[in-house]
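Step one of this worksheet: look at the structure below.
The values are calculated or read from the model by the stated rules, or taken from the named source; none is laboratory data. These numbers were taken from a predicted model, which means no experiment stands behind them. Here the Cβ positions follow ideal geometry from the backbone for every residue, glycine too, while neighbour counts run over all protein chains shown. Surface areas here come from the heavy atoms of the whole protein model, side chains and all, with no ligands, DNA or RNA. Shrake-Rupley method; radii C 1.70, N 1.55, O 1.52, S 1.80 Å.
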Amino acid sequence: MRIATTIFLTDRTISPVRLARALEERGFSGLYLPEHTHIPVSRDTAAPMGGELPEMYGRTLDPFVALGQASAVTERLHLGTGITLVAQHDPIDLAKQVATLDHLSGGRVTLGIGYGWNVEEAADHGVEWRTRRELVRDRMALMRALWSPEPTAYVGQFSSVQASSAHPKPAQAPRELAPGIPLYGPRTMIGGQAGPKLFAAIADHADGWLPIGGGGLTESLPVLRQVWEAAGRDPKSLQVVPYAVQPTPGKMGHYAELGIEEVVLQLPSEGESEVLHVLDAFAQYL
């Protein structure tokens, strides 16, 4: 089982460079970073965990800039987002960012994507909340047109792009979305809580699922596998990566029994000494 980590890196925490080096030195497999462009102070949307929203949400570093630093000082560490708020990006720009990071890192990128929870943040980006899922699917399709080996046009419900020269291409080889249909770009995982809409999206245009917190997999995994296979996907290709997990030996053993091959552990949004102390405690799971 591969053990990766996630953390809210901010302007007050351990730096991306120091953390990336520490992770690779200790044998951790990856670093995933969340994204928030800003947090409107109106706070009309309740915090997902309840109570007051922690300050770190409004201080989060840009994940692609931070992962670019991490890539430059490591050779094996996988680099992921957990998650990229695709609806809040220009898809042409985002396709370039992702492809550049995957190219420069030698194919080490996992693009975790999702729909977000903060209505006010999304609204400032012009996102209409009720159509955000359709918008994400549309933008991912446009991005994959730009990642295609040959110039490929895309016309969708929300966006379009002409057949274009768009380089660099992602370093990762294409997979099969369905028999004979290639899936271009880096490994793409969708984050979120179990449900019919989420599972349909995963089977439609992703490589797998980032279940936030990692709970309830005994019940949800068989449902996802059924949706996946009904969509014509290869049963062996589905990837499920429990995300932002607070580990215990029992929990990690349970994941192993379920056939989970990668787990992302939650690090505290703290300074260098505190984070390194937790990493050393997590070493028992490597």
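In this structure, GLY232 does satisfy being more than 24 Å from ILE7 (Cβ to Cβ), in contact (Cβ under 8 Å) with a residue 40 or more places away in the chain and open to solvent by less than 50 Å² (accessible area, probe 1.4 Å). With a requirement of 2 or more residues that are within 20 Å of THR81 (Cβ to Cβ), open to solvent by less than 30 Å² (accessible area, probe 1.4 Å) and of a type in the set (Gly, Ala, Ser), the strands (runs of 3 or more DSSP E) lying completely within the stretch 120-217 that satisfy it span 187-192.
Within the stretch 42-60, is even one residue in contact with a helix residue (DSSP H, G or I) (Cβ under 8 Å, 6 or more places away or on another chain), at pLDDT 95 or above and open to solvent by 20 Å² or more (accessible area, probe 1.4 Å)? No, the stretch 42-60 contains no residue that is in contact with a helix residue (DSSP H, G or I) (Cβ under 8 Å, 6 or more places away or on another chain), at pLDDT 95 or above and open to solvent by 20 Å² or more (accessible area, probe 1.4 Å).
For ASP93, the criteria (1) part of a helix (DSSP H, G or I); (2) open to solvent by 20 Å² or more (accessible area, probe 1.4 Å); (3) in contact (Cβ under 8 Å) with a residue 12 or more places away in the chain; (4) not polar (S, T, N, Q) hold in every case but one, which is (3). Among the candidates THR37, THR81, the residue that is surrounded by fewer than 18 Cβ atoms within 10 Å (Cβ to Cβ), within 30 Å of SER160 (Cα to Cα) and of a type in the set (S, T, N, Q) is uniquely THR37. When PHE28 is tested against (1) of a type outside the set (Asp, Glu); (2) open to solvent by 70 Å² or more (accessible area, probe 1.4 Å); (3) at pLDDT 95 or above; (4) closer than 23 Å to VAL245 by Cβ, exactly one condition is not met: (2).
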